[in-house]
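Trainee: Below is one structure. I have some questions about it.
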Amino acid sequence: MVDFRPVDWTVLITAARDAREHAYAPYSHFRVGAAALMEDGSISTGANVENRTYGLTLCAERVALATAVARGAGRARAIAVMTDTSPPATPCGLCLQTMAEFAGQDLPVLLVNLEGEQIEHKLSELLPHPFELPKP
Ligand SMILES: [Zn+2]
């Protein structure tokens with residue numbers, strides 16, 4: 001069922017900005033915060049969590065979505081991603097595929113930075129052809 005309630009981007013942007021403060025990024029110093037509005041109305045936040053092995057690094061977007069899924073919050077209705085780059089950084093491929101797992105292709109993805117620049121995409125624009133398992 002499609003949820004037509006409007007997304008309060010101001011709340012999501014603030015949550016993503018706050019989450020970014022908790023980023024663990026001692027290696028790249030590239031701090032990211034994400035806030036996902038879930039279909040149960042809750043907001044799930046995440047920050048990037050790096051690891052000295054690099055390969056174990058978790059992105060903010062995946063932390064936010066996995067946290068929401070783990071508590072049964074359902075699928076995502078919108079997500080905001082806060083960085084400190086201009087233009088605001090685009091999620092990596094792993095995160096886009098994760099969004100495709102837990103949201104529809106019409107998921108609004110708002111990319112924002114600390115200066116207030118905003119770019120909104122649909123997930124389908126950022127990942128037009130997500131991986132799908134063959135149907136049995
Ligand atoms: Zn990522």
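The values are calculated or read from the model by the stated rules, or taken from the named source; none is laboratory data. If you're wondering where the values come from, they're calculated on a predicted model, not measured in any experiment. Positions of Cβ are generated from backbone atoms using ideal geometry, with glycine treated the same way; all protein chains shown enter the neighbour counts.
Trainee: Does at least one position in region 73-84 carry a residue that is loosely packed, with under 13 Cβ neighbours inside 10 Å, out of contact with any Asp or Glu (no Cβ under 6 Å at 6 or more places or on another chain) and not hydroxyl-bearing (Ser, Thr, Tyr)?
Mentor: no
Trainee: Note down all Cβ pairs under 6 Å where the first residue falls in region 47-63 and is of a type in the set (S, T, N, Q), the second is more than 10 Å from the ligand (Cβ to nearest atom), and they're at least six residues apart or on different chains.
Mentor: If the second residue must be more than 10 Å from the ligand (Cβ to nearest atom), the pairs left are ASN48/ALA23; ASN48/ALA25; THR57/GLU50; THR57/ASN51.
Trainee: Which residues, taken from region 8-34, are within 15 Å of the ligand (Cβ to nearest atom) and closer than 17 Å to LEU110 by Cα?
Mentor: Once the filter is applied, which keeps residues that are within 15 Å of the ligand (Cβ to nearest atom) and closer than 17 Å to LEU110 by Cα, region 8-34 yields ALA16, ALA19, ARG20, ARG31, VAL32, GLY33, ALA34.
Trainee: Oh, and also: Determine if region 66-75 includes at least one residue that is out of contact with any strand residue (DSSP E or B) (no Cβ under 8 Å at 6 or more places or on another chain) and at positive phi.
Mentor: Yes; the residues of region 66-75 include at least one that is out of contact with any strand residue (DSSP E or B) (no Cβ under 8 Å at 6 or more places or on another chain) and at positive phi.
Trainee: Quick test of your reading of the structure: GLU61 fulfils all but one of (1) at pLDDT 95 or above; (2) among the acidic types (Asp, Glu); (3) surrounded by fewer than 24 Cβ atoms within 10 Å (Cβ to Cβ). Name the failing condition by number.
Mentor: It fails just one condition, (3).
Trainee: Answer yes or no as to whether ALA36 is under 15 Å from ARG17 (Cβ atoms) and either among the aromatic types (Phe, Trp, Tyr) or buried (at least 20 other Cβ atoms within 10 Å of the Cβ) (or both).
Mentor: For ALA36, the condition - under 15 Å from ARG17 (Cβ atoms) and either among the aromatic types (Phe, Trp, Tyr) or buried (at least 20 other Cβ atoms within 10 Å of the Cβ) (or both) - is met.
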